[in-house]
1. Out of the residues in region 66-80 that are assigned to a helix (DSSP H, G or I) and loosely packed, with under 15 Cβ neighbours inside 10 Å, state the one that is farthest from the chain's Cα centre (by Cα).
2. Go through (1) among the aliphatic types (A, V, I, L, M); (2) assigned to a loop (DSSP other than H, G, I, E, B); (3) at pLDDT below 95; (4) crowded, with 19+ Cβ neighbours inside 10 Å for M12 and report which single condition fails.
3. For residues in region 15-46 being in a loop (DSSP other than H, G, I, E, B) and of a type in the set (S, T, Y), which is farthest from F84 (Cα to Cα)?
4. Can you name every residue in region 107-156 that is basic (K, R) and either buried (at least 21 other Cβ atoms within 10 Å of the Cβ) or in a helix (DSSP H, G or I) (or both)?
5. Can you tell me which residue in region 32-51 is nearest to T99 (Cα to Cα), limited to those that are surrounded by 18 or more Cβ atoms within 10 Å (Cβ to Cβ) and in contact (Cβ under 8 Å) with a residue 24 or more places away in the chain?
6. Quick one: in region 105-156, of everything that is of a type in the set (G, A, S) and touching a Ser or Thr at 6+ places or on another chain (Cβ under 7 Å), which residue is farthest from S11 (Cα to Cα)?
7. Among the listed residues L90, L85, which satisfies the condition of being surrounded by 18 or more Cβ atoms within 10 Å (Cβ to Cβ) and either assigned to a helix (DSSP H, G or I) or among the aliphatic types (A, V, I, L, M) (or both)?
Amino acid sequence: MKPSIGLSEESMHASVKLLSLLLSDEVMLYTKTRNYHWNVSGESFMELHKLFQSQYTELEETIDSVAERVGKMGGKSIGTMKEFLEQTRLKEYPGQYGTQKDMMLDLLNDHETLAVEIRKDVETSAKNKDAGTADFFTGILEQHETTAWVLRRYLN
């Protein structure tokens, strides 16, 4: 049964497309953060190991929320690595295991990239008269801004 929530089918479809992009980005960022959690080494190993764990745990919750929002808009959530890789706006670097600073810089860059992209998604959702998805995006935007701020503080 299709949702009857005061949005046109066209608006809901547009929201599902934006949410699918975000879902892909969140899965990519989750995977990178997990990778860094597993592979960090050096003087601050335990501190960064725990930091990355707290970040991927938060991302895991975000991923679930995004996928559920897709369903609320009448869509089906993508769920394969192929689909995520085709849609993500983030880049990955297979086989590269940088320093602690490299890892934090990469994650910082990704969180800031998502802040920029999600800000655009908020505007698009508002234009599509989907206040709920715009608000949903705003909450996730704030999470990425906070995580970027934390990573920036480590790098100063």
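1. Applying the filter and picking the extreme gives G71.
2. (2)
3. Checked region 15-46; the qualifying residue farthest from F84 (Cα to Cα) is S44.
4. R119, K120, K127, R152, R153
5. V40
6. Filtering first and then ranking leaves A134.
7. Just one listed residue meets the conditions, L90.
The values are calculated or read from the model by the stated rules, or taken from the named source; none is laboratory data. This structure is a prediction, so every number in the text was calculated from the model and none was measured. Here Cβ is always computed from backbone atoms with ideal geometry, including for glycine, and neighbour counts include all displayed protein chains.
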